[in-house]
Structures are given as C-alpha cells and as structure tokens.
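Just below is one structure, and these are the notes that go with it.
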Amino acid sequence: MTDHTHDPAARSWVASADHPDTDFPLQNLPLGVFTLRGREQDTPRIGVAIGDQVFDLLQALPLLPALPPEVREALCSPRLNALFALGRPAIGAVRHAVWRLLEAGFAERQRAADALRPQSDVVLHLPCDIGDYTDFFASPNHARNTFNLFRPGQTFLPNFVHLPIAYHGRASSIVPAGAPLRRPWGQVRIHPDGSPQVVPTRKLDIEVELGFYVGQGNPLGQPVPLSEAEQHLAGVCVLNDWSARDIQAFESQPLGPFQSKNFCSSLAPWVVTLEALAPFRAAAAPRESAAPPLQPYLEHPADAAAGAFDIRLETSLRTEAMRQRGEPPVPITRSRFAHDVCWTPAQMLTHHTLGGCNLRPGDLLGSGTISGPEPGTEGSLLELTWNGARPLALPHGESRTFLLDGDEVTLTAWCEREGFRRIGLGRCTTLIRPALEAPY
C-alpha cells in the first residue's frame, strides 16, 4: 500500500533529489553498498541514494535511535544480507526512518548533511554476497521470437505455459555495473558440418533483465506459498545477463547453456525496495486464451491483481567511434516488465521452493530476457538483428549484429505513473574489452 513516503508533493532538503529527472527522489531511497573513491579497499558501508548523493547509514545511525537493535546492527554490516534476512518489516522501517531524516521539514538537517557523500566520490559495490543465482525464462515474446528464429513453425515447449522455467546460473561471475566485460572464449562450430573451434565469441549479446533479491530465506524442505512469497523478496535491480550465442548454440544440447552464460552477469548497484515500488504495481500479465489452468500453488487473487510491477527498461549503445566523437549513447530497444513477462516475481519464488529448495538472503532471481511484441522492444540483439540477418543501423554509417570490442552498453529502468513521482533503478553500464590471448 502507498503511504506518506510516496506523496509526490514531498520534498527533500537535498536539492538534487527534487530535480524532476532524478532517479532517486525522496520517494525512492534505494539501498546500496559503497566505499570512497581512492579507498576501495576499505570495508564497504551501506548507503541510500538520494538525488546525486549517497546517504551513509553507518554515519547516520545516531540519528536513527528508534530502529530496533537488530536493524541497527544490520546497518553496520558491509553488505545488505543481514538486513534482508530480517525481512520486509525491517527494510520498510529503514526506508521510513531515512525518509524522515531527508524530508524537507527535518529539524536536524545539518547533522544529517554530514552523512552525505556525492555519488561521484564513491565506488559502488555489489550490494549483497550472492550465494545463488537463478535465471528464469518468462517472457512469451522472447520465447516466441527465439522459437521462430530457430524452430520456425513450432510452438512453445509444453512446459512453458505450466510453470516458470529457469536454470541455475553462476553467482561468482556476477559483477557490479562499471566493471568491464572481457570477451569470452569457447567452442564454436563456425561451419555447420565442420568440427568446433576454440575461439573468442563472435556473437556477444545482451539480455535485458531485472534481478530480484531474496530477503528472508526459507528452511530446507519448506516450500513458500504464493500468499507469503513477496515477504521473502527484498527488492529489485537492473540486470544484464550476457550471452555468447555461438558458444550457446553448440553447447546447449542436452542440458542447456553453460560457458555461454557463466562468464559474466552485470548488476546495477542500487536495490529498489518493494515498498518504493508500491505505486507502480500492476496486474499479472493475462494468460493466452488457449493456456491451460494454472496449478493451484501458482494462483492467488492478490498476486493476480497486483503481483507485477510496471517497470520500463531501455538499452542504449555507444560504440568506440561514438565515444571518440563525444556522442551520447543511442537507444536501441525498450520493453516493460509487467506487460512482457508472464510470471510474477512471487510466482517465480514460490515455484523455486516447491520441491523444498532453501533460498537464502541475498540470493538473486533473474527475470529472464524481457522482450516486447513490437520491433524495437526486443530484449536481446539475437532477436533485434534476427541472429545477425538484419543489422542494426547506428549513426554515421555504423551497424551492429552483435557487440564488438569497445562497445559500451547501458541498461536503465524506471517507473512512472500519473499522480506519483517518477523513480529510477539506476544504470548498468558495461564496456566490452577484447578477449585475452589464447587460453591454451
């Protein structure tokens, strides 16, 4: 439910938070982890984004005496796992307490101002120690596009309409936005009838996704019912789950992707809480008329009515030549989570635990590639260029089928709705670097 923290008229004494284009107005207050620039080896600290500043919660603790002792202790941690483990009530209490400190009417703003750090002066780290990462396959448009590309005339696999499909990804290679991506090597069959060769991927691709952090975990063997699933979710971030399509094509039979996915996944550093997203809830995407009934454990009226979030995503590309000319990135695709994904985050979590899998605080659930139904809403270059058959035109005569060395990709996401302040999820920017010398 919305409350006074979502009031669009509320203003902050931090001037940049009141700018209409900021991702981080007073109504947002996402959580992150930072160190000061030049002191990256220091122990990270938990902070909140407000305008173009970071509010240091460790330094601000004396101004937060009303928070329960276990919450104050969690805010002294170098990662968000301890706070997330306390659950949604604790996360919400922190957001409300910080809102009060940063609201324009706060009487002790000078003391609070001492805890501000310009975002330009900090380095943002992964907000959690991510123990496990699961990536879903939940966009009907993405499924339809890839099936039409590789299996023309076929429909979805039978399980797609029955359950949220997923695979277990690699948590160790998840990196924060800003960390460069090194082009990976792998086995590729360059000619359909030839033997595979070990080469750097020639089909490096984006996957436009959202990541959902697990808050409170569940005991091994204890499924989480859909009616309780959102209490086990802490917040959302922007995720680029990179893929090497030529490596993927050769290795994926019969067990699915392996090295084509495990070399890197990039996360925007800010965690937007579900409390901040309350004004942007949406009904779950309608099921197609021919779809079979859902199993009872995947149905709940509240989730169907408001279990999705109207989050808009945009991907931009800037080539090395564009950077040398001082040109900004160009948008290449847009999509919307609520419209383009057929399973809610709660359904994903509930299905994940159906067999008794124990999720832990800080685990990450990827939404899967988010693709829309229209041209320009594809969530990957595989779809956007039709596996390279339809090159993407860029300024000054450049074009792309897949990514080249020196390309820089930026994913952004935001929510907007009449009657509420626009809030953003921040940016996930990555520069592509050349492959290393032959690794063998």
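The values are calculated or read from the model by the stated rules, or taken from the named source; none is laboratory data. This one's a predicted model, so the numbers in the text were calculated from it and none came from an experiment. Cβ placement follows ideal geometry from the backbone for every residue including glycine, while neighbour counts extend to all protein chains displayed.
The residue pairs whose first member lies in segment 211-227 and is part of a strand (DSSP E or B), whose second member is of a type in the set (Phe, Trp, Tyr), and whose beta carbons are closer than 8 Å, counting only pairs six or more residues apart or on different chains, are TYR213/PHE84; VAL214/PHE84. Would it be correct to say that SER120 is closer than 19 Å to ALA268 by Cα and of a type in the set (Ser, Thr, Tyr)? Yes; evaluated as a whole, the condition is true for this residue.
Scanning segment 225-274 for residues being more than 30 Å from PRO30 (Cα to Cα) and of a type in the set (S, T, N, Q) gives a total of 5.
Restricted to segment 143-167, and to residues there that are outside any strand (DSSP E or B) and either among the aliphatic types (A, V, I, L, M) or in contact with a strand residue (DSSP E or B) (Cβ under 9 Å, 6 or more places away or on another chain) (or both), the residue that is nearest to HIS125 (Cα to Cα) is PRO164. If you go through segment 351-407 and keep only what is assigned to a loop (DSSP other than H, G, I, E, B), acidic (Asp, Glu) and in contact (Cβ under 8 Å) with a residue 60 or more places away in the chain, you end up with ASP363, GLU378, GLU398, ASP405, ASP407.
Among the residues making up segment 424-434, those that are over 12 Å from TRP270 (Cα atoms) and either outside any strand (DSSP E or B) or of a type outside the set (Lys, Arg) (or both) are THR429, THR430, LEU431, ILE432, PRO434. Among strands (runs of 3 or more DSSP E) entirely within segment 1-113, having at least 2 residues that are at negative phi, among the aliphatic types (A, V, I, L, M) and not assigned by TED's automatic domain parsing to the domain that holds ALA346 singles out 31-36, 45-50. Look at PHE136 and say whether it is surrounded by 15 or more Cβ atoms within 10 Å (Cβ to Cβ), at pLDDT below 95 and aromatic (Phe, Trp, Tyr). Taking the combined requirement at face value, the residue does not satisfy it. Applying the criterion of being surrounded by 14 or more Cβ atoms within 10 Å (Cβ to Cβ) and assigned to a loop (DSSP other than H, G, I, E, B) to the residues of segment 292-313, the residue that is nearest to the chain's Cα centre (by Cα) is ILE311.
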